[in-house]
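Q: Sharing a structure with you now.
The values are calculated or read from the model by the stated rules, or taken from the named source; none is laboratory data. All figures in this text were calculated on a predicted structure; none of them were measured in a lab. Cβ placement follows ideal geometry from the backbone for every residue including glycine, while neighbour counts extend to all protein chains displayed. Surface areas here come from the heavy atoms of the whole protein model, side chains and all, with no ligands, DNA or RNA. Shrake-Rupley method; radii C 1.70, N 1.55, O 1.52, S 1.80 Å.
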Amino acid sequence: MKKMISGAISLLFVASACHKEDVSNDVNSIPMVTPQLTAFVDTPQEPQSPMTGILEVFPCNAGTSTYFGNYINNKLTVFNGFYPIKEGHTLNGYNRELTLPERTYNMVYWGTPVYKEPTYSAPAIVTPGLSLGTDLSKSYLSLKKNTDDDTYRPVYDLVHAIQETDIAEENLNASLKRVVAGLKVTVTNQDKGTFSDHIASMEVRIHGIAERLNYYTAEAENMDKTVKFPLVRSEDGMQMSNATVMLFPSGPDPEFELRIQLKDGSIHTLSQKLNTRLTANSRLTLNLVIGDLLINESTGDFTVEDWNETSETIEFPIVY
């Protein structure tokens, strides 16, 4: 799965004319069709706004999740349709078009839209290996494990749809839905001052995240993994935050963990189960306020504010 940057998306409309090519000697006199693709996004702010990003299309046999493939140079290959899109239109010379015999297909769409707002710069994902005749319902997109511990990396922004289409009669069109959750975290001091020079770094860990998404249905499975990502100190030193990260959905009451590493190498951990589940197509903004961090015997407090337009407060001592 390729990535171009990230953005909000809820509907992809593909409207195009089709043209036919004469390669009847390869497919028993069945006319071939190469759909032309244009993409639009429905958002609350601007309905039918042009999409920018990557869209991949996997034609399956009608009524099934069995991958059919794609004709390239008059031969059936495993390579799916791949479309870089800018402002609603494919970029000529960079795309890999679908060319298929005229018939009905069950089109499976996976996309990575582009956001104007910055997103986490190092997402990763493990994609399934495909072959002709692969059952997509038995394949998965999976989290990519970190090499240093038993945690995983955030994923790309991902949208998905399934649409059965007779390409001899219909334009390609799909109502895409986001299948990941977004999370943005900001940490500030209770006294609104700068963070102590003793703090070397902060890291967020979210427990109870799905391990994988079904490649056909996009349903999340195995919600028992931990995803981690760092927070970055602002130039004025008054907050630590991240660009929005994308996560597979979580189980109920996922556990949020904040790890504060001091320059002496010690790690101080604050954790709490959250009341809100991380669901597909949701974005959570979490503002954390921590009390004074004193290196000697002392305690601090931890407050959660503005969670999905609600307020939740959690208090506990810093662990030494």
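Q: Among the strands (runs of 3 or more DSSP E) confined wholly to segment 261-320, which include 1 or more residues that are out of contact with any His (no Cβ under 7 Å at 6 or more places or on another chain) and modelled with pLDDT under 85?
A: Working: elements: 267-273, 283-290, 302-307, 310-312.
The qualifying strands (runs of 3 or more DSSP E) are 283-290, 302-307, 310-312.
Q: Could you please find all residues in segment 180-205 being open to solvent by 50 Å² or more (accessible area, probe 1.4 Å), touching a residue at least 60 places away in the same chain (Cβ under 8 Å) and of a type outside the set (D, E, K, R)?
A: Gln190, His198, Ala200
Q: If I go through segment 168-179 residue by residue, how many of them are touching a residue at least 60 places away in the same chain (Cβ under 8 Å) and open to solvent by 50 Å² or more (accessible area, probe 1.4 Å)? Explain how you work it out, then say what you get.
A: Our first condition is that a residue be touching a residue at least 60 places away in the same chain (Cβ under 8 Å); within segment 168-179, this holds for 168, 171-179.
Next, from what is left, pick out any that are open to solvent by 50 Å² or more (accessible area, probe 1.4 Å): 171, 173, 175, 177.
Residues meeting the conditions: 4.
Q: Here's a follow-up. Pick out the one residue from Asn146, Asn70 that is farther than 30 Å from Lys184 by Cβ, open to solvent by less than 40 Å² (accessible area, probe 1.4 Å), at pLDDT 90 or above and out of contact with any helix residue (DSSP H, G or I) (no Cβ under 9 Å at 6 or more places or on another chain).
A: On the way: Asn146 fails: farther than 30 Å from Lys184 by Cβ.
Unique residue meeting the criteria: Asn70.
Q: Residue by residue through segment 127-153, note down the ones that are touching a Leu at 6+ places or on another chain (Cβ under 7 Å) and β-branched (Val, Ile, Thr).
A: Within segment 127-153, Thr127 is the sole residue that qualifies.
Q: Please determine, by comparing only the residues of segment 85-106 that are crowded, with 18+ Cβ neighbours inside 10 Å and in a strand (DSSP E or B), which one is modelled with the lowest pLDDT.
A: Across segment 85-106, the extreme among qualifying residues is Thr90.
Q: Could you please let me know if Pro249 is touching a His at 6+ places or on another chain (Cβ under 7 Å) and not aliphatic (A, V, I, L, M)? Working first, answer last.
A: Working: touching a His at 6+ places or on another chain (Cβ under 7 Å): no; not aliphatic (A, V, I, L, M): yes.
So Pro249 fails the test.
Q: May I ask you to say which residue of Ala280, Ala210, Ala243, Ala218 is open to solvent by less than 10 Å² (accessible area, probe 1.4 Å) and of a type in the set (A, V, I, L, M)?
A: Numbers: Ala280 fails: open to solvent by less than 10 Å² (accessible area, probe 1.4 Å); Ala243 fails: open to solvent by less than 10 Å² (accessible area, probe 1.4 Å); Ala218 fails: open to solvent by less than 10 Å² (accessible area, probe 1.4 Å).
Step by step, each of Ala280, Ala210, Ala243, Ala218 is checked, and only Ala210 is open to solvent by less than 10 Å² (accessible area, probe 1.4 Å) and of a type in the set (A, V, I, L, M).
Q: Identify, by number, the condition in (1) touching an Asp or Glu at 6+ places or on another chain (Cβ under 9 Å); (2) over 24 Å from Thr52 (Cα atoms) that Leu136 doesn't meet.
A: (1)
Q: Which ones in segment 107-123 are closer than 15 Å to Leu247 by Cα and open to solvent by 10 Å² or more (accessible area, probe 1.4 Å)?
A: Thr119, Tyr120, Ser121, Ala122, Pro123
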